[in-house]
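Single-structure report; data block below.
The values are calculated or read from the model by the stated rules, or taken from the named source; none is laboratory data. In this text, all values refer to a predicted model and were calculated from it rather than measured experimentally. Only protein heavy atoms, including side chains, enter the accessible area calculation; ligands, DNA and RNA are left aside. Shrake-Rupley method; radii C 1.70, N 1.55, O 1.52, S 1.80 Å.
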Amino acid sequence: MWLQLRCGLEPRTLAALAVVLVAAGVFAAMHFWSTRPHSVRAPDPVNEAAHARTSTSTPPPDGAEAPEPSPGVPPATGPGGHIVVDVSGKVRRPGIRQLPSGARVADALRAAGGVREGADLTGLNRARVLMDGEQIVVGAPPGPSAIGGAGALAPGGGGGGSPAGPVSLNTATVEQLETLPGVGPVLAQHIVDYRAQHGGFRSIDELREVNGIGDRRFADLQPLVGP
């Protein structure tokens, strides 16, 4: 009323002015509320020692033993941890025999009833570890029938020429391997070392992996050796 009487304003104009003043007050209050200072929580202190421990690998406790090296490629085994071999030749009970994994040629001979009298075991390595599916021929004469037997060994020639029959890569000694053409003491030892490291030869083609045997020498030896 004082403004109306003082300024000569009409009631409608006075109402509009009042609305503007109220809106301005509300806007000012909202602006003040949005720009007020906020409290910020300080970050938790980082434990540098704990961070260093988690960022680095934990050393093994005192007295803990280092892991043992891998024993290498194990011999081939059949289902259930057993192997099946074929024992033939001059044994008392030739045939298929099932043996535990890790069995040796001597175990297979015992399972076959033992060796017959008069059988020549000179070239048979009875301490060799057997592989699944292997054939052991005892006392077989040199010839094609002895090729399939991992335990059969054809006697080597007395001179420097080729042997009379196939030489078994799994049972031949260094001296017997030297009877092969182009095989000297060093290469023969490489063949024996490869046989010991890989559990024997599963096929003649593995002879290519022996240090010192190339394609040409493998072609010369292939018809003269057996697994």
Solvent-accessible area of Met131 with every protein chain in place, 1.4 Å probe, in Å² to the nearest 10: 10 Å²
Centroid-to-centroid separation of the stretch 95-133 and the stretch 163-222 [C-alpha atoms, Å]: 22 Å
Whole-percent carbon and sulfur share, accessible surface of the stretch 161-227, 1.4 Å: 50 percent
Heavy-atom accessible area order for Arg110, Arg12, largest first, 1.4 Å probe: Arg12, Arg110
